[in-house]
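A.B. asks: This is the structure I want to talk about, given as C-alpha cells.
Since every read-out is calculated from the coordinates, none of them should be taken as a lab result. What you see is a predicted model, and the numbers here were worked out from it, not measured in a lab. Counting neighbours? That spans all protein chains shown, and the Cβs are built from the backbone with ideal geometry, glycine included.
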C-alpha cells in the first residue's frame with residue numbers, strides 16, 4: 001500500500017526532488033508515539049532536536065532508529 005502511494009506521488013508533476021530514505025519491511029510499528037503529519041525542518045536547531053529525539057529512540061533499541069540517525073547525521077555533516 002505504501003509503495004503504490006509513493007509511486008503515485010513520484011509520478012505527480014506537483015512533486016519534485018523526491019528522495020526515498022528508507023524502504024524496509026518492519027516487524028512492528030517503529031514509532032508508536034509519533035503523530036502523523038509532517039514538520040518542516042527549517043533550521044539547524046530543529047535538525048539537532050530531531051537528532052536528540054532519534055538518539056533517545058536508538059538508545060531504547062527501537063527498530064530502524066539507527067537508520068534514521070545515520071540520515072540525520074549525514075544531513076548535519078552536509079550543513080557544516
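A.B. asks: Ranked from highest to lowest mean number of other Cβ atoms within 10 Å per residue, what is the order of the peptides 60-70, 40-50?
C.D. replies: Numbers: 60-70: 14.8, 40-50: 11.8.
Listed from highest to lowest mean packing, they are 60-70, 40-50.
A.B. asks: Suppose a student asked you for the relative contact order of the chain, using Cα pairs under 8 Å spaced at least 6 residues apart; what percent would you report? Kindly include the intermediate steps, with their values, before the conclusion.
C.D. replies: Working: 30 pairs, mean separation 21.2, N = 80.
Answer for the chain is 27 percent.
A.B. asks: Answer with a single label: of (1) -0.68, -1.24; (2) -0.87, -1.21; (3) -0.87, -1.38, which was calculated as log10 I(q)/I(0) by the Debye sum over Cα atoms at q = 0.17, 0.27 Å⁻¹ from the structure in view?
C.D. replies: (3)
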